Amino acid sequence: MIKIEHLNYIYQPGMPYEMQALKDINLEIPDKDFVAVIGHTGSGKSTLIQHLNGLIKPTSGKIYINDIEITDSKTNMKEIRQKVGLVFQYPENQLFEETVYKDIAFGPKNMGISDEEIEIRVKEAIHAVNLSEEVLEKSPFELSGGQKRRVAIAGVISMHPEILILDEPTAGLDPSGRDRLLELLTNLHENTKMTIILVSHSMEDVARVAKNIIVMNNGSVYAHEPVAKVFERGAELEKIGLAVPQVTMLINRLIEKGAKLPRDIYTVGYATKIISDIMKGNSDV
């Protein structure tokens, strides 16, 4: 479980360009959740997630990971970073080893794990990201952009984190690469039950994979609710610089024209089912 209490963060305190990036953040993210963090540029999304494995120290406030206060100076942050894996935007830029195997093995090796266990973890991780073992002896720079992205994620998975945080993981990928990565994250969550925190600007991506959403606005938590509840507030989201999924916008326009449809539609599949049921006379809507 992740618990955040009265978290504040100020960039360049006391300087002419001082800016408060986070303002009195209070959050609880339960174990095994799949939560998305959304917000306009500068809303505090990336600053927030970088606090969760100690990359940034708060100006004030406390953060707990499984009841361990990571903001306590006595906390062993090396152990925390093994529990909380962070995948940055464009993680393939961090690949540097001669082979894919060595890149994935880098984290476990620094944890002091035996060579035998590292080999098991590397193979588990490469299968978890839907790549064959044949790529392990290749240079990571021979792979496609989407494959590199998955290898970078495998490198974090090989450390067996309890929490996986991804900052804009689909950025720069083509539609097929994005679809494969989102499917990977869904399967990973279902198979491992690890907590996944996804930062994204794509409402369609969020709608497809997340169970809950944290909406950030000007450094504060604007909302923290299930996906359907958040997208029901489409007009509010638009006022703070966000847009709901296109299918939700379409449904809202139809409702404005008098159509009797539920407001919690946020995926094409669900919209198709509802409209199909109405046309067949199988719906009470």
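All of the numbers you see were taken from the coordinates with simple rules; none came from a lab. Computed from a predicted model, the values in this text were never measured in an experiment. Methodologically, a virtual Cβ is constructed for each residue, glycine included, from the backbone with ideal geometry; neighbour enumeration extends over all protein chains shown.
Numbers below:
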read-out	value
Segment 245-285: relative contact order in percent, alpha carbon pairs under 8 Å with at least 6 residues between	37 percent
Listed residues 232, 116, 137, most fluctuating in the chain (Gaussian network, C-alpha, under 10 Å)	116
Residue order, fewest to most surrounding Cβ atoms within 10 angstrom, among 277, 33, 103	277, 33, 103
Segment 156-285: relative contact order in percent, alpha carbon pairs under 8 Å with at least 6 residues between	17 percent
Fewest-first sequence of 174, 264 by Cβ atoms within 10 Å of each Cβ	174, 264
Among 147, 20, 89: highest mean-square fluctuation, GNM of the chain, C-alpha pairs under 10 Å	20
Long-range tail of P(r) for the chain (Cα pairs > 25 Å, %)	52 percent
Residue-averaged [θ]222 nm for the chain, counting only DSSP H segments that reach four residues, each worth -39500 (n - 2.57)	-11500 deg cm²/dmol
In degrees, nearest ten, helix 268-280 long axis to first principal axis of the chain (Cα)	30 degrees
Additional length obtainable on full extension of the chain from residue 211 to residue 260, 0.36 nm per residue less Cα span	15.1 nm
0 to 90° range, to nearest 10: angle between helix 246-256 axis and the chain longest Cα axis	20 degrees
Span from the segment 151-168 Cα centroid across to the segment 47-78 one, whole angstrom	18 Å
Residues whose placed amide H lies under 5 Å from that of residue 233, excluding near-sequence neighbours	none
Anisotropy class of segment 245-285 from Cα gyration tensor, a/c 1.5 cut	oblate
Tilt relative to the chain, helix 100-110 - C-alpha long axis, 0 to 90 degrees, to 10	70 degrees
Residue order, fewest to most surrounding Cβ atoms within 10 angstrom, among 244, 268	268, 244
Residues residue 191 and residue 66, FRET efficiency given R0 of 25 Å [Cβ-Cβ distance, rounded to 0.05]	0.75
Of 257/280; 62/109; 45/257; 32/62; 3/57; 3/109, pairs whose Cα-Cα distance is over 27 Å	62/109; 45/257; 3/109
Top of 247, 215, 100 by mean-square fluctuation, Gaussian network on the chain, Cα under 10 Å	247
